[in-house]
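Peer 1: The structure follows.
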Amino acid sequence: MLHQFWEQKQMKGMMMETDNLVVYESIPSPGPPYICYVTLPGGSCFGNFKYCYSKAEARRDAARIALMNSTFNELPCRRITPEFISRSVKEAVSTTSGNIADASDPGTSIGAYCLMLELNTGKTMLEFQEIMTVFQLLHWNGTLKAFREMRCSRQEVILYYSQQHLDERTRSHMALDWLQKEQQSPGLLSQELQLAVKELGEARGSGRELRFYKEKKEILSLALSHANAEDLEGYHSEEMSWREETEFEYYAQEGHCLEGSMTDPSEHCQFHSQESDGESME
């Protein structure tokens, strides 16, 4: 049913064609509980919600959670509209120290949030979450802080990274950052990976969208697999080349300082699980 759902969307021209509509990933385990993740076109990821006694059961349960979120995402209320933006900005203002006037200033947290929503007008919340995952990882990885120190404006960063997608190259270079952190603080990678695994398990058990948590785990695992002096030396020149390629434009611009941290719009993205009975899980 999940495959048919996305196949129909592809046939109707509602999405780009892709070789693998739905990708399943079963986690190796000698016995229950078995865990399975399913990744949808665009990158959204869900996992089995129940305690599963077989790989097949885990696969079915993951597909069920993904199907529920896929169909729920088709509702009109899940699409970003001017009305949705206005309501979301007001909610963000009520939970922060900002004010509604900040919405017109991308240099503020509220303004940055408003700009991101406006850039994604017409998209669904799952599509928006896919873009937000990039910014969540940039914040977690320390890249946004680095841009702030380089006096890049929020608007510049948002406009640039809104066009970027998560791929193996991006993951590799994020892993490089963590390799450097490991070199400065031995043992940090293992601690962060344990935390990431815990967060992924808790999010899966809550029926939430999992890509941010899963990407963190995979990036840290990649970094840990190369955490030795020889690898650090081998990656150093590659990293410098990548940074010059992707960040030189920011050095050349006199943007405004990125003060504070960005409001996390993912807090306003609600996903539903199998047993939520329509109640938000976030």
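The values are calculated or read from the model by the stated rules, or taken from the named source; none is laboratory data. In this text the structure is predicted, and so the values were computed from the model without any measurement. Neighbour counts run over all protein chains shown; Cβ positions are idealised from the backbone, glycine included. What goes into the accessible areas is simple: the full protein's heavy atoms, side chains included, and nothing from ligands, DNA or RNA. Shrake-Rupley method; radii C 1.70, N 1.55, O 1.52, S 1.80 Å.
Peer 1: Could you list which residues have their amide H under 5 Å from that of Cys152, counting only those 5 or more apart in sequence or on another chain, with H placed in the peptide plane?
Peer 2: When sequence neighbours closer than 5 places are left aside, the close amide H contacts are Leu258.
Peer 1: Quick one: which of Lys9/Lys198; Lys145/Lys214; Lys50/Lys181 span more than 32 angstrom between C-alpha atoms?
Peer 2: Beyond 32 Å between Cα atoms: Lys9/Lys198; Lys50/Lys181.
Peer 1: Starting from the amide H of Asp105, placed 1.01 Å from N in the peptide plane, find each other amide H under 5 Å away whose residue is 5 or more places distant or on another chain.
Peer 2: For Asp105, whose amide H was placed from the backbone, the distant partners under 5 Å are Gly111.
Peer 1: Put a dot 7 Å past each Cα toward the Cβ at Leu119 and Ser185; how far apart are the dots in nm?
Peer 2: 2.9 nm
Peer 1: Below 8 Å, C-alpha to C-alpha, sequence gap of six or more: please give me the relative contact order for the range 1-74 in percent.
Peer 2: Reported as a whole number, the value is 25 percent.
Peer 1: Per-residue HN-Hα couplings for the range 54-68, Karplus 6.51 cos²θ - 1.76 cosθ + 1.60 at θ = phi - 60°, whole Hz, x for Gly and Pro?
Peer 2: Working through the residues one at a time gives 8, 5, 5, 5, 5, 5, 5, 5, 4, 5, 5, 5, 5, 5, 4 Hz.
Peer 1: If r is the Cβ-Cβ distance from Thr96 to Arg151 and R0 is 35 Å, what FRET efficiency results, to the nearest 0.05?
Peer 2: The formula returns an efficiency of 0.90 here.
Peer 1: Once Lys and Arg get +1 and Asp and Glu get -1 on their Cβ, which of Asn73, Pro32, Cys45 lies farthest toward the positive end of the dipole of the range 1-74?
Peer 2: The residue sitting farthest along the positive end of the dipole is Pro32.
Peer 1: Something else about it: Need one value: the accessible area of Ser54 in square angstrom, 1.4 angstrom probe, rounded to the nearest 10.
Peer 2: 40 Å²
Peer 1: Sticking with this structure for a sec: What's the extension gain from Leu195 to Glu74 if we count 0.36 nm per residue and subtract their Cα-Cα distance?
Peer 2: Gain on stretching Leu195 to Glu74: 40.2 nm.
Peer 1: Next question. Filter the chymotrypsin sites (Phe, Trp or Tyr not before Pro) in the range 26-134 down to the DSSP loop ones having no more than 13 other Cβ atoms within 10 Å, then list what survives.
Peer 2: Passing both the DSSP loop test and the Cβ count: Tyr51, Tyr53.
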